[in-house]
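One structure below.
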Amino acid sequence: MIIFGMESSCDDTAAAVLDVQYTENGDKYRLLSNVVSSQTAIHAEYGGVVPEIASRAHAEQISRVASEALKRAGITHADIDAVAVTFAPGLIGSLLVGVSYAKALACALDIPLIPVNHIEAHASAAYLEYPELPSSFLALIVSGGHTSFYDVTDHVFTEIGGSRDDAAGEAFDKVGRVMGLPYPGGAAMDKLAGAGFQREDWKAIRFPTPAMNDGTLEFSFSGLKTAVINHIHNTVQKSSAATGAELPLNIKEDIAAAFTKVTVKGICDKLAEAVKAHGYSHIVLAGGVAANSHLRGAAAELCEKLGVTLCAPSLSLCGDNGAMTAAAGAALYKEGIIADSKMNAFASDEGAMGYIESLRNKLKK
Ligand code: KG4
Ligand code: ZN
């Protein structure tokens, strides 16, 4: 079965072609194409995603991206059996571009449309690379919008913890911005921290942990973000630099290292608590920030110590893409989840969860 996956929830316009075989020995996947058109360069000059510009850029790119995905897969529209599209959560104008395109495609081809929650899609990227993943696992999604734990059982996601305020990715990007790094700052912060860790100086910088010390699986990144920004401003005042961007490279590296250390440790501490409390055998670590080399390394070490299997999708499947949407769509299709005529885009998680739940309830009747 050929599933066409489409994603436009934020600033990446993406489409992918996934061949799925549902067999008695599990679902077999063959990713035939995965095309991502990033708007990073467009938003860089504003230091963040501008929603109006994002939706316009999606509208300009989506036909080209969709055609390119078909071309690279060596198929035509007639070969597609179902369309899976991210319908929530995200920027409403951006989501609407993908949803409208996917609805029109499914209608014109007279094939099923599958509504995909973006967060569930991030975790589903693991289905493509870890066939041994059991039907029940713990998903830790770390992205620009989320830092959340989910119990996943038969592709039903139940949030069991997460950030009370900012997401880890937001903190990476904001700290990067104050230090003059190009938007989004996550990948550049990863490199800076790597250089900082080569020395000892970062150890003198103390930042508060984002992990809540109250027995919950919750985080708070806003206090950490503010502490790092205050530290940068204080360092600027004591130096000859006029802004954080003008600080010497070694100082930026030390700050990036100290911030990364406390972020990674906070996330891993909560991961350990989640595994101990719930007894999972497999952990999926996904989302844009799951590309962070220090987080991947620490999570791998922790999982080995705990005797559990870490399933962290390849870097190309961590950031937003259509392959993960198609993978989530494959699981939903198998369950019988097909969008009805009421399907719409939702900015919020609640909207996404509520719609899928309503379709599940209809199936039970
Ligand atoms: O999943 P994603 O592409 O979009 C959302 O759903 O939010 O995540 C984007 C986030 C951005 O905050 C970006 O800076 C961050 O992922 N990111 C990283 C790295 N690569 C991307 N953060 C830390 N280290 C990285 N290597
Ligand atoms: Zn994402």
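The values are calculated or read from the model by the stated rules, or taken from the named source; none is laboratory data. Bear in mind that the values here come from a model prediction, so they are computed numbers and not experimental data. All Cβ positions, even for glycine, are placed from backbone atoms using ideal geometry, and neighbour counts span all protein chains on display. Remember, those area values only see protein heavy atoms, side chains included, never the ligands or the DNA or RNA. Shrake-Rupley method; radii C 1.70, N 1.55, O 1.52, S 1.80 Å.
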Seminar exercise, completed: Of Gly288, Gly169, Gly215, the most mobile residue in a GNM of the chain (C-alpha springs, cutoff 10 Å) is Gly215
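Could you compute how fast the chain diffuses translationally, taking Rh as the Kirkwood radius over C-alpha pairs and applying Stokes-Einstein at 25 °C with viscosity 0.890 mPa s? Give it in µm² per second.
The calculation lands on 117 µm²/s.
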Problem set entry | Total formal charge among the other residues, if their Cβ is under 15 angstrom from that of Leu109, Lys/Arg +1 and Asp/Glu -1 | -2
Problem set entry | Neighbourhood net charge (10 Å Cβ-Cβ; Lys/Arg +1, Asp/Glu -1) for Asn321 | -3
Seminar exercise, completed: Percent relative contact order for the chain, counting Cα pairs under 8 Å at least six residues apart, stands at 24 percent
Problem set entry | Cα-based Rg of segment 166-218 normalised by 2.2 N^0.38 Å, two decimals | 1.32
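Roughly what % antiparallel, to the nearest 5, for the DSSP beta bridges in the chain?
Taking every DSSP beta bridge within the chain, about 65 percent pair in antiparallel fashion.
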For this session: Express in whole angstrom the spacing between the alpha-carbon centres of segment 307-365 and segment 119-177.
Result: 12 Å
Problem set entry | Share of alpha-carbon pairs per 5 Å distance bin for segment 1-56, given as whole % | 4, 18, 20, 15, 11, 11, 9, 6, 4, 2, 0
For this session: At 1.4 Å probe size, with every protein chain present, just tell me what the per residue accessible area of segment 152-278 comes to in Å².
Result: 47 Å²
Problem set entry | Space enclosed by the convex hull of the alpha-carbon atoms of segment 255-327, per residue, Å³ | 89 Å³
Exercise. Translational D (Stokes-Einstein, µm²/s) of segment 262-304 at 20 °C and 1.002 mPa s when Rh comes from the Kirkwood sum over C-alpha pairs?
Worked result: 201 µm²/s
Seminar exercise, completed: Rounded to whole Å, √(5λ) for the Cα gyration tensor eigenvalues of segment 90-221, largest first, gives 34, 21, 15
For this session: On a C-alpha basis, how far is the centre of segment 50-79 from the centre of segment 261-277 in Å? Whole number, if you could?
Result: 38 Å
For this session: Given the options Asp254, Asp27, Asp12, state which has the largest fluctuation in a GNM of the chain using a 10 Å cut-off (strictly under) for Cα springs.
Result: Asp27
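List the trypsin sites (Lys or Arg not before Pro) within segment 223-256 that DSSP assigns to loop and that have no more than 16 neighbouring Cβ atoms inside 10 Å.
Lys238
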Problem set entry | segment 7-160: mean projected area of Cα convex hull, nm² | 9.6 nm²
Problem set entry | Heavy atoms of Cys268: accessible area, 1.4 Å probe, square angstrom to 10 | 10 Å²
Seminar exercise, completed: On the accessible surface of the chain, probed at 1.4 Å with all protein chains in place, carbon and sulfur together account for a percent value of 52 percent
For this session: Find me the longest stretch of the chain that has none of the exposed GluC sites (Glu not before Pro), where exposed means in a DSSP loop (not H, G, I, E or B) with at most 14 other Cβ atoms within 10 Å.
Result: 201-365
For this session: Give me the orientation-averaged projected area of the Cα convex hull of segment 212-262, in nm², one decimal.
Result: 4.0 nm²
Problem set entry | Translational diffusion of segment 299-360, µm² s⁻¹ [Kirkwood Rh, Cα pairs; Stokes-Einstein; 20 °C; 1.002 mPa s] | 148 µm²/s
Problem set entry | Which of Asp81, Asp320 is most accessible, then next, and so on - probe 1.4 Å | Asp81, Asp320
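Would you calculate a helix-derived [θ] at 222 nm for the chain, using -39,500 (n - 2.57) for each DSSP H run of n ≥ 4 and dividing by the full residue count, to the nearest 500?
-15500 deg cm²/dmol
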For this session: Name the residue, out of Lys276, Lys191, Lys265, whose mean-square fluctuation peaks in a Gaussian network model built on the chain with Cα pairs under 10 Å.
Result: Lys276
Problem set entry | Size descriptor, Kirkwood hydrodynamic radius, that averages inverse alpha-carbon separations across segment 1-96, Å | 14.2 Å
Problem set entry | Total formal charge among the other residues, if their Cβ is under 13 angstrom from that of Val228, Lys/Arg +1 and Asp/Glu -1 | +2
Seminar exercise, completed: Of the convex hull enclosing the alpha-carbon atoms of segment 217-345, the direction-averaged projected area in nm² is 11.7 nm²
